[in-house]
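Working notes, beginning with the structure itself.
The values are calculated or read from the model by the stated rules, or taken from the named source; none is laboratory data. Bear in mind the structure is a predicted one, so any value in this text is a computation, not a measurement. Using ideal geometry, Cβ is built from the backbone for each residue, glycine included, and neighbour counts are taken over all protein chains shown.
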Amino acid sequence: MDLPALGLFVVAILAASVTAFTAVKYAGAAYLVFFLAFLPQFVRPEAGAPMLQIVVLGVLFMLACLVTDSAYALTAAGASGWLRARLAGNPRARRAQRFLMGGTYIGLGAVTACAGRSVK
């Protein structure tokens, strides 16, 4: 399944399932609450205008994310083109790639399923 098809699949699930949509909505809200709880520790009240400092830190964070995520995307696009060119004429390599990717997802799923809660 290619990326656009996967995106449409996820959208279809979220549109069809109220439970899935609600879970994603609450996960996003929890992320924002964690982020807003995390960011103020970098604010120095003695420097003045704490709200302005939070806004500036938030904008800097978004810019840093834009740069790094763009770099990841461009690197992945370049690697994808290079791999496609290398694997295009080699059915054995393409089959190995499918098994490697499938094994990776199965392994990640197994690790996630077996992961326990850390108790301190």
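For the residues 24, 10, the requirement of being surrounded by 10 or more Cβ atoms within 10 Å (Cβ to Cβ), at pLDDT 80 or above and either of a type in the set (Val, Ile, Thr) or within 24 Å of residue 105 (Cβ to Cβ) (or both) singles out 24. Taking the listed residues 98, 94, 44, 84, the one that is without any contact (Cβ under 8 Å) to a residue 60 or more places away in the chain, in contact with a helix residue (DSSP H, G or I) (Cβ under 6 Å, 6 or more places away or on another chain) and charged (D, E, K, R) is 94, with no other qualifying. The residues listed here are 92, 117, 86; of these, the one that is basic (Lys, Arg) and modelled with pLDDT of 85 or more is 92. Only a single criterion out of (1) loosely packed, with under 10 Cβ neighbours inside 10 Å; (2) among the small types (Gly, Ala, Ser); (3) under 21 Å from the mean Cα position of the chain (by Cα) is not satisfied by residue 48, namely (3).
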